[in-house]
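Below is one structure, written out as structure tokens; comments come after it.
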Amino acid sequence: MAQTFKKGGVALITGGASGIGLAIAKKCLGHGMRVIIVDKNPATLADASKISTDITVLEADVGRKEDWDSLKSVVERDFGGRIDFLALNAGMGMKSPWDDPSAFSTTFNTNIMGVVNGVSTFLPLVKRNASAGTPSSIVITGSKQGITNPPGNPAYNASKAAVKSLAEHLSWDLRNEQNLSVHLLVPGWTFTGMTGPSTGTGEKPAGAWLPEQVADFLEKKMGEGQFWVLCPDNEVTEALDRKRVAWGAGDLLQGRPPLSRWRENWKERAQEGINNMEV
């Protein structure tokens with residue numbers, strides 16, 4: 001719903017002080033919106049506050065419900081309880097060996113509860129805004145790892161799989177709401193502080209997108225009314241992403257071993273199958 005980006009509107013973006021969140025914040029600013037950036041990094045929040053007088057920065061841990069209660073008080077007091085655009089973007093990843101359950105709880109607390117807390121706190125305000133006739137949107141940031149589930153980080157993958165499920169449920173539950181849309185943002189390879197410069201030089205790898213490209217793609221897909229915002233990058237096309245998703249689903253449908261695409265005795269068959277697939 002591209003009309004969500006409009007002059008005078010209010011956007012709240014978690015994880016908004018850097019990377020994709022900051023790029024979305026700048027896009028909102030470019031449309032004349034007032035922007036509330038929520039993050040737990042004081043340094044990046046301080047930098048973000050210097051961008052524009054239309055930015056309000058608030059420090060919070062999205063996994064803490066009490067922090068959300070404080071955020072709601074600020075929105076009601078300083079913005080009249082208005083939220084046109086809610087972007088639940090905050091996320092984190094860390095190594096998650098099976099013998100360290102704390103890595104799972106820490107990741108789940110941010111990536112899953114950050115979404116649950118955000119929806120439970122601000123959905124009433126977003127719905128109220130939409131019911132008054134103002135187009136409004138909720139964007140939830142997922143991950144391709146929550147869909148194709150590549151080996152290596154079970155906590156992150158599981159958390160983002162849960163985020164996908166939550167976004168789908170929210171879209172269903174709000175299907176009859178007028179002027180309110182839900183979107184799942186699934187970035188591709190993006191050069192951000194979270195993913196890190198894989199070149200080791202601090203320069204963007206040729207295959208990666210910039211966060212601003214992700215924000216532009218989000219706006220485009222929202223304008224098309226798409227729930228799924230499956231971003232390509234400079235190496236992976238939308239078509240290839242769809243084929244990889246379809247291959248992963250085929251593991252269940254065809255009785256292949258899970259994660260067959262990465263198994264040594266399946267790699268060649270998987271690659272051939274993906275190359276020849278029509279989706």
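The values are calculated or read from the model by the stated rules, or taken from the named source; none is laboratory data. Since the model is a prediction, treat every value here as computed from it, not as a measurement. We place every Cβ from the backbone using ideal geometry, glycine too, and count neighbours over all the protein chains shown.
Would you confirm, using the coordinates I've provided, whether Met94 is surrounded by 13 or more Cβ atoms within 10 Å (Cβ to Cβ) and closer than 21 Å to Ser171 by Cβ? No, not satisfied. Report whether or not Ala130 is buried (at least 22 other Cβ atoms within 10 Å of the Cβ) and either farther than 15 Å from Asp84 by Cα or without any contact (Cβ under 8 Å) to a residue 60 or more places away in the chain (or both). Considered against the rule, which asks whether it is buried (at least 22 other Cβ atoms within 10 Å of the Cβ) and either farther than 15 Å from Asp84 by Cα or without any contact (Cβ under 8 Å) to a residue 60 or more places away in the chain (or both), Ala130 comes out as yes.
Are any of the residues in segment 192-202 crowded, with 19+ Cβ neighbours inside 10 Å and in contact with a Cys (Cβ under 9 Å, 6 or more places away or on another chain)? Scanning segment 192-202 turns up no residue that is crowded, with 19+ Cβ neighbours inside 10 Å and in contact with a Cys (Cβ under 9 Å, 6 or more places away or on another chain).
A residue that is surrounded by fewer than 18 Cβ atoms within 10 Å (Cβ to Cβ), assigned to a loop (DSSP other than H, G, I, E, B) and touching a strand residue (DSSP E or B) at 6+ places or on another chain (Cβ under 9 Å) can be found somewhere in segment 32-42. The condition of being touching a helix residue (DSSP H, G or I) at 6+ places or on another chain (Cβ under 6 Å) and on the phi < 0 side of the Ramachandran plot holds for only one of Leu125, Leu88, that being Leu88.
Can you name every residue in segment 1-29 that is surrounded by fewer than 24 Cβ atoms within 10 Å (Cβ to Cβ), free of Cβ contacts under 8 Å to residues at least 60 places away in the same chain and under 30 Å from Arg175 (Cβ atoms)? Selection gives Lys7, Gly8. Taken over segment 180-195, the criterion of being over 18 Å from Lys221 (Cβ atoms) and free of Cβ contacts under 8 Å to residues at least 60 places away in the same chain is satisfied by Phe191, Thr195.
Among residues of segment 76-89 that are surrounded by fewer than 15 Cβ atoms within 10 Å (Cβ to Cβ), those with a Cβ under 9 angstrom from a residue that is modelled with pLDDT of 95 or more and outside any loop (DSSP other than H, G, I, E, B), sequence gap 6+ or separate chain, pair up as Glu76/Leu125; Asp78/Ile36; Asp78/Thr56; Gly80/Val10.
Report yes if some residue within segment 268-279 is closer than 30 Å to Asp173 by Cα, among the aliphatic types (A, V, I, L, M) and part of a loop (DSSP other than H, G, I, E, B); otherwise report no. Scanning segment 268-279 turns up at least one residue that is closer than 30 Å to Asp173 by Cα, among the aliphatic types (A, V, I, L, M) and part of a loop (DSSP other than H, G, I, E, B). Each residue in segment 1-31 was checked for being closer than 14 Å to Ile138 by Cα and out of contact with any strand residue (DSSP E or B) (no Cβ under 8 Å at 6 or more places or on another chain), and 2 of them qualify. Starting from residues that are within 13 Å of Gly114 (Cα to Cα) and not β-branched (Val, Ile, Thr), keep the ones in segment 154-163 and report whichever is surrounded by the most Cβ atoms within 10 Å (Cβ to Cβ). Per the stated criteria, the residue is Ser159.
Taking the numbered list (1) in contact with a Cys (Cβ under 7 Å, 6 or more places away or on another chain); (2) farther than 26 Å from Pro232 by Cβ; (3) not charged (D, E, K, R) in turn, Leu123 passes all entries but (1).
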